[in-house]
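Each reported figure results from applying straightforward, stated rules to the coordinates on display, with no laboratory input. Only a predicted model underlies this, so the values are computations on that prediction, with no experimental measurement involved. Every residue, glycine as well, gets a Cβ built from its backbone with ideal geometry; the counts of neighbours run over all protein chains shown.
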Amino acid sequence: MSNEVFAKAPPDELFQLEVDTWTQPYWDAAKDHQLKLPKCGDCQQYCELGASHCRHCRSQNISWVEHSGSGKVYSFTIIRFPVIPSLQDSVPYVPAVIELDGVDGLKLISNVVDAPLSEIEIGSAVSLRWHDREDGVSLPRFTLAK
């Protein structure tokens, strides 16, 4: 019998969604379990989520393109101790910066879930997994790629 500890997910109430004009397409796509990223229609560079314009050419000609969600762990930490009572059943959880494949350094902040803590490393390949909340919001989470 293994004593391996697996990454859990933080409780839904820890995340409060605030949507604006520049993030609405992202969250609309997420409801359909599609990861869509902003890309400049002029210079073809990917843009940061929530940006009102392309940081490369300043264009506001932004389109949304689908991505598979494959990537790698760029950075992470392991939260092992509940600092508030609502976290008691959610530790350990792993907030992580995920560098998406093929998008020139675009990163997402998310969580690595359902993975042995001992196997999560910088550079670990990850794949997308969706978490549907009771309020209708779908969140991208990641697990180690097999």
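Can you return the lysines within cross-link range of Lys36? Criterion is Cα-Cα under 24 Å, with same-chain partners fewer than 8 residues away left out.
Counting by Cα, and skipping residues close in sequence, Lys36 has these lysines nearby: Lys72, Lys107, Lys146.
For the range 13-146, build the convex hull from the C-alpha positions and give me its volume per residue in Å³.
Dividing the Cα hull volume of the range 13-146 by its residue count gives 117 Å³.
Out of the trypsin sites (Lys or Arg not before Pro) in the range 1-108, which ones are loop residues according to DSSP with at most 13 other C-beta atoms within 10 Å?
The qualifying sites are Arg55, Arg58, Arg80.
Using alpha-carbon positions, what is the distance between the centroids of the range 65-80 and the range 93-146, in Å?
Using only Cα atoms to place each centre, the spacing works out to 4 Å.
Please list 3J(HN,Hα) in residue order for the range 80-93, calculated via the Karplus relation 6.51 cos²θ - 1.76 cosθ + 1.60 where θ = phi - 60°; whole Hz, with x for glycine and proline.
9, 10, x, 8, 9, x, 5, 8, 3, 8, 10, 9, x, 10
Could you compute the FRET efficiency for Leu117 and Val137, with r as their C-beta to C-beta distance and R0 at 30 Å, rounded to 0.05?
According to the calculation, E is roughly 0.70.
What does the charge count around Pro25 come to, taking other residues whose C-beta lies under 12 Å from its C-beta (Lys +1, Arg +1, Asp -1, Glu -1)?
Numbers: positive: Lys31, Lys36, Lys39; negative: Asp20, Asp28, Asp32, Glu66.
It works out to a net charge of -1.
Could you tell me the relative contact order of the chain? Use alpha-carbon pairs under 8 Å, at least six residues apart, and round to a whole percent.
Details: 291 pairs, mean separation 37.8, N = 146.
Answer for the chain is 26 percent.
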